[in-house]
1. Whose amide H sits under 5 Å from the amide H of residue 110, counting only residues 5 or more places off or on another chain, with H placed in the peptide plane?
2. For a Förster distance of 30 Å, can you work out the FRET efficiency between the beta-carbons of residue 109 and residue 38, rounded to the nearest 0.05?
3. May I ask you to derive the FRET efficiency for residue 59 and residue 221 from their Cβ-Cβ distance with R0 = 41 Å, giving the value to the nearest 0.05?
4. In whole percent, and with a 1.4 Å probe on the protein chains, what portion of the accessible area of the stretch 71-224 is carbon and sulfur?
5. Once both labels are modelled 7 Å past Cα along the beta-carbon direction, what's the residue 175-residue 205 spacing in nm?
6. Please sort by residue number the trypsin sites (Lys or Arg not before Pro) in the stretch 125-224 whose DSSP state is loop and whose Cβ has at most 15 other Cβ atoms within 10 Å.
7. In square angstrom, what is the accessible area per residue of the stretch 82-195 with a 1.4 angstrom probe?
8. Charges only on Cβ, +1 for Lys and Arg, -1 for Asp and Glu: so what's the dipole of the stretch 101-169 about the Cα centre, in debye to the nearest 20?
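The values are calculated or read from the model by the stated rules, or taken from the named source; none is laboratory data. The structure presented is a predicted model; accordingly, all values stated were derived computationally and were not measured. Cβ: placed from backbone, ideal geometry, glycine included. Neighbour counts: every protein chain shown. Quick note on the areas: whole protein, heavy atoms, side chains included, nothing else; ligands and nucleic acids left out. Shrake-Rupley method; radii C 1.70, N 1.55, O 1.52, S 1.80 Å.
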Amino acid sequence: MKTNCCSQLLQLLFGLALLLGLAKPDPDPLQDYCVADNSSPQSLFLNGAPPCIDPNRATPSDFATSALSKPGDTRANFAGSNVTLTNTVNLPGLNTMGLTLARIDIEANGFVPPHSHPRASEVTICLKGELVVGFVDTSNRFYTQKLLPGDSFVFPKGLIHFLSNADETLPALAVSGLNSQNPGAQLALLASFPTKPGIPDELLKKAYQMNGLDVARIRRNLGG
């Protein structure tokens, strides 16, 4: 009986170790590159990534993009910010590489609301202006820093973080790198209030210590 228990425990530990070893944000590529095939509607999905073109058809332009060269529209939302991402359409050579680049434009006194990336860590470099950035860990400790041009800051995977323009007159610009082809982004407010279908009002009232009028107002302001 004791031998069987030990054997089962070893099998369980081996299985857990195997699962942990396989649990990566993105699988490693098995070839030099996999330039995304964007020529026809996607019908085959390989862990969310499009299929590859014949490597012999790859050109230098597949590995270059100007998608991040132009400022984004910071007037399109209440936060006064815009995030422009690279993807397999505007940068086909990015496919299966396990990374994403982002341009972050923030107008004067604007901000990128608290959010998280479930599949990626992020490193941000301030290029212009003054940024105040920060994240909260799972023990509710808050880490924040002011960034000047050339300064960098890293946000750990899955933790809620934000970026804010500390200048009330001039815009700010930053670029970020994330270690996933599809990092995902979940805004804390949008994950609670304007969901479809909506989270029950009673639960939101208890969780956020507010009344029904507050819940309705926030939902309305966020487009819910």
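1. Residues meeting the criterion, in which the H sits 1.01 Å from N, are 165.
2. Efficiency for this residue pair is about 0.20.
3. With a Förster radius of 41 Å, E is 0.30.
4. Looking at the stretch 71-224 in its full context, I get 58 percent from C and S.
5. 5.0 nm
6. 141
7. Value returned for the stretch 82-195: 46 Å² of accessible area per residue.
8. Dipole of the stretch 101-169, to the nearest 20 debye: 320 debye.
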